[in-house]
Amino acid sequence: ELYKQEIAAAEATNADMVEAFRIKYLGTKGLVKSVMGEMKNVPNDQKKAFGQILNDFKLFAENKFEILKQSIDDSQQSTANSIDLSLPGSPVSVGTRHPLSIVRNQIVSIFKRLGFAVSEGPEIEDDWHNFGAMNLPEDHPARDMQDTFYISQNPAWLLRTHTSSVQARVMEHQKPPIRVICPGRVYRNETISARAHCFFHQVEGLYIDENVSFADLKQTLYFFVQEMFGKEVKVRFRPSYFPFTEPSAEMDISCLICDSKGCNVCKHTGWVEILGSGMVHPKVLENFGIDSNKYTGFAFGMGVERICQLKYQVNDLRLYSQNDVRFLKQFTGAI
Ligand code: PHE
């Protein structure tokens, strides 16, 4: 029994060890043979029982020998067939980030460095957050500026036409100082073409505190543009009108993709409008109980598609939503 235990525990990691096992237990001078030799000393009446035990032991040892031999063969086999670890791995193809996500992330990261937090709001809005709170009372002609998709009339639910609705949601819950940007998708009832789409993306900005001035607005946006497009880019502000800002301005940047063949982005004016902006209208502040004598603020809303167009020379807005992999895979590796 003791030897059996010893045999059962025996291990072999190479052919020499298997051979040593064979010699020790099964060889001509091995244990099995020498115990066999003891047979002649066993009394006759016990020979049968002893013989059985011996035979059992011999089979046990032979069996173990086969197992050890097999395990060595197997491991040699698998070493022979094993993979070549020096070969380069087969490439795993990963998807690409959508260009609009890439650009949105860049915009967000620039404003985060200036201390802006990120807020988001719903794409399905009520009339108050999209229009009323933003100083566009009912029948205000400026409502026609943005052709709206209505989901229901009474009460009015609609697809938000701008991310300014998120300004309203932020001011509802936060007291100044407020410094947020709000990226999101917006909808307008427009005929789809290379230059217009029924949905697109904006990043809204809102900064309210004591003593916020138009100079802060200009400098913030100027910083943004230089971070986004480089130091060479030129900027111009044009007076404009939005019901929720006073004064208001649109900002253009010098067209970066214009060449002699013609440019369908700036139409050869050399300038591209990228955002609307202005000082938050006192009425908007008062709508949310913010004292407009104490606080001032600026706001802006920029088009992500337009910025992406300039950054990556995309010349047709429809490309963004057609999911054509030939277009999308050009952004491989961009993050
Ligand atoms: N909401 C305006 C638009 O969609 C952009 C804007 C935002 C203008 C904030 C001024 C201030 O055109």
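Here are a few things to note about the model shown:
- Nearest-ten-degree value, helix 99-113 long axis tilted from longest Cα axis of the chain: 80
- Highest-fluctuation residue, 324, 45, 291 considered, GNM on the chain with Cα pairs under 10 Å: 45
- Choice from 95, 27, 184 showing the highest fluctuation, given a GNM over the chain with Cα pairs closer than 10 Å: 27
- Normalised by the number of residues in the chain, the average gap of Cα pairs under 8 Å and 6 or more apart makes the relative contact order 16 percent.
- Pairs of Lys residues in segment 7-154 are counted when their Cα atoms are under 13 angstrom apart and they lie 8 or more places apart or on different chains; the count is 5.
- For the chain, the cysteines with no partner cysteine C-beta closer than 4.7 Å are 182, 198, 308.
- Global size of the chain as Cα Rg and Dmax, reported in angstrom: 39.9, 123
- In order along segment 211-225, the phi-based Karplus estimate (6.51 cos²θ - 1.76 cosθ + 1.60, θ = phi - 60°) of 3J(HN,Hα) comes to 6, 7, 10, 5, 5, 5, 4, 4, 5, 4, 6, 5, 4, 4, 5 Hz; Gly and Pro are listed as x.
- Segment 245-335 has equivalent-ellipsoid semi-axes of 36, 18, 10 Å, by the square roots of 5 times the alpha carbon gyration tensor eigenvalues, sorted largest first.
- Segment 176-184 - phi-based ³J(HN,Hα) in whole Hz, Karplus 6.51/-1.76/1.60, Gly and Pro as x: x, x, 10, 8, 9, 10, 10, x, x
- Note that segment 259-298 presents 50 Å² accessible area per residue, ligands and nucleic acids not counted, probe 1.4 Å.
- Linear extension gain, residue 324 paired with residue 269, 0.36 nm per residue minus alpha-carbon span: 16.8 nm
- Protein accessible area in the chain, 1.4 Å probe - carbon and sulfur %: 52
- Estimated FRET transfer efficiency (residue 85, residue 332; beta-carbon r; R0 30 Å; 0.05): 0.60
- Charge context of residue 99, other residues only, Cβ under 14 angstrom, K/R +1, D/E -1: +4
The values are calculated or read from the model by the stated rules, or taken from the named source; none is laboratory data. Quick caveat, the model's predicted, so the values are computed rather than measured. Cβ atoms come from the backbone with ideal geometry, glycine included; neighbour counts cover every protein chain shown. What goes into the accessible areas is simple: the full protein's heavy atoms, side chains included, and nothing from ligands, DNA or RNA. Shrake-Rupley method; radii C 1.70, N 1.55, O 1.52, S 1.80 Å.
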